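In what follows, a single structure is set out as structure tokens and then discussed.
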Amino acid sequence: MKFTFPHPLAILLFFIAGAAVLTHVIPAGEYDRILDQKTGREVVVANSYNQVDSNPISITQTLVKVPEGIVFGADIVVLILIIGGAFVVIDKTGAFNEGLTSLIHKFEHSKQIVLIFVGGFFVLAGALMNMQEEIVAMVPILIIMAHRLGYSKITAVAISTGCAVIGAAISPMNPFGVLLAQKISDVTPFSGTIFRVIILLIVSVFWISWIIKKGKSSHEITVDTESQKVSLSSRSIIILLLILVTFVIMVYGILELDWGYNEMSALFLVLGLTAGIIGKLGINGTSKAYALGFQEMAFSAVIVGLARSLYLILDEGIIIDTMVYGLFEPLQDLPLAISAVGMTVSQALLHIPVPSNSGQAVLTMPLLSPLSDLIGMSRQVMILCYQYGAMMMDLITPTNGALLAILTAAGVSFNEWIGFCWRPFLIILGISLTAIFTAIFIGL
């Protein structure tokens with residue numbers, strides 16, 4: 001009998017129930033905290049842990065914490081829904097498909113340039129918006145592209161999904177990954193950008209080079225290029241440029257105008273509505289596309305809220321610091337590099353039952369931030385452990401629904417995918433650990 005992973009929703013509900021039970025079992029306790037004058041943030045005082053009166057969470061309180069968690073993370077939930085809606089609208093305009101098809105015809109006899117360009121696009125998309133689910137609709141055109149260039153179906157998945165995962169995992173600006181983790185950890189947004197960009201370039205070049213070398217089909221496939229030819233209309237050019245302008249405005253707003261999630265949500269709302277008008281979808285067509293996007297992203301949004309619920313239970317039960325204390329004891333006498341390896345591996349394993357990047361950030365950052373303070377690890381390095389450990393697991397974990405949907409659409413089995421990517425995945429893990437050691441050495 002084959003083992004089947006429980007549904008992620010069931011897993012988080014189990015974790016929520018388990019967290020409530022833990023408030024009855026784990027002694028309540030707190031660390032003293034002081035204000036760090038240099039950083040302006042509160043930090044944990046080492047060796048200051050003390051037990052306090054327990055505050056166990058009842059069944060009724062646990063149930064109430066589920067909607068409270070979703071409300072607590074409402075700004076992130078809304079952002080996820082609106083971005084999902086906006087990109088479904090853009091997909092319905094045909095701008096994505098036209099742009100990709102036009103690229104195929106322009107460089108049809110320079111296949112490596114096509115793969116490099118397409119891979120770079122998906123790395124950027126992953127880095128900017130954690131793109132994964134949106135790729136499902138692009139699979140047919142990606143398969144055509146791969147076949148025309150003499151590459152396999154796995155190449156189509158690798159150059160899109162693989163590059164997007166790498167971009168999201170190592171990004172200096174992924175709002176659902178590093179920016180969320182930095183906000184929760186009280187780390188300056190976009191700090192460490194240059195270091196992350198360097199590592200992103202190294203890993204991206206390696207991954208795309210591996211695809212070019214290993215992804216060839218066993219035989220060339222001839223496709224009638226004239227029948228498949230699609231010209232890039234001026235309307236699609238405007239929409240694609242509009243996407244670029246939107247992300248430029250978002251970055252400027254976060255850096256210079258102190259934008260939060262609500263401002264970003266408003267920006268993507270404008271993007272979707274404007275793209276719908278330019279793409280001649282009409283009011284009803286744009287509205288239907290938005291509604292479809294809401295449906296597709298609803299699960300991801302709810303997962304974030306449920307993860308917040310878990311944190312609220314642990315926080316109200318006053319056991320978070322006790323859990324941190326338990327984690328700190330075995331790490332306090334270990335070399336910092338070994339502690340970083342342990343933290344990275346733990347994040348990777350946790351991502352199997354909790355496949356939401358943003359949900360895992362919300363779940364682990366409040367626990368690991370004070371832990372990193374205690375062991376002398378910078379919070380920036382701690383976030384790198386989360387990025388390289390958890391988010392890179394989207395490349396291979398069987399609980400990543402977007403990956404499974406893309407593989408199914410491409411006609412590639414999960415076993416075939418693992419057979420293709422396990423070696424480069426291990427090499428990327430080695431690069432990631434080297435990057436973490438370097439970050440520790442240079443005092444990032």
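The values are calculated or read from the model by the stated rules, or taken from the named source; none is laboratory data. The structure displayed is predicted, hence computed values, not measured ones. So basically every Cβ, Gly included, is an ideal-geometry build from the backbone, and we count neighbours across all protein chains shown. We work out accessible area using only protein heavy atoms, side chains counted, and drop any ligands, DNA or RNA first. Shrake-Rupley method; radii C 1.70, N 1.55, O 1.52, S 1.80 Å.
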For M297, M323, the accessible-area ranking with a 1.4 Å probe, largest leading, is M323, M297
Given a 1.4 Å probe and the protein chains all in place, what does the accessible area of K213 round to, in Å² to the nearest 10?
-> 150
Taking L407, L257, L444 and ranking on accessible area (1.4 Å, protein atoms only), highest first, one gets L257, L444, L407
Identify the GluC sites (Glu not before Pro) of the range 47-111 meeting these criteria: DSSP loop state and at most 16 other C-beta atoms within 10 Å of the C-beta.
-> E108
Report the label-to-label distance for D32 and L241 in nanometres (one decimal), using points 7 Å from each Cα along the Cα→Cβ vector.
-> 6.2
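Taking the square root of 5 times each eigenvalue of the Cα gyration tensor, what semi-axes in Å does the equivalent ellipsoid of the range 47-205 have, largest first? Don't jump to the answer; show the numbers that get you there.
Numbers: eigenvalues 318, 82, 35 Å².
Those come to 40, 20, 13 Å.
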Given K111/K153; K106/K280; K106/K214; K65/K288; K111/K213, the pairs whose alpha carbons are separated by over 21 Å | K106/K280; K106/K214; K65/K288
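Let me check something: with ligands and nucleic acids excluded, how do I90, I249 order by accessible area (1.4 Å probe), largest to smallest?
Numbers: I90 0, I249 70 Å².
Putting I90, I249 in descending order of accessible area: I249, I90.
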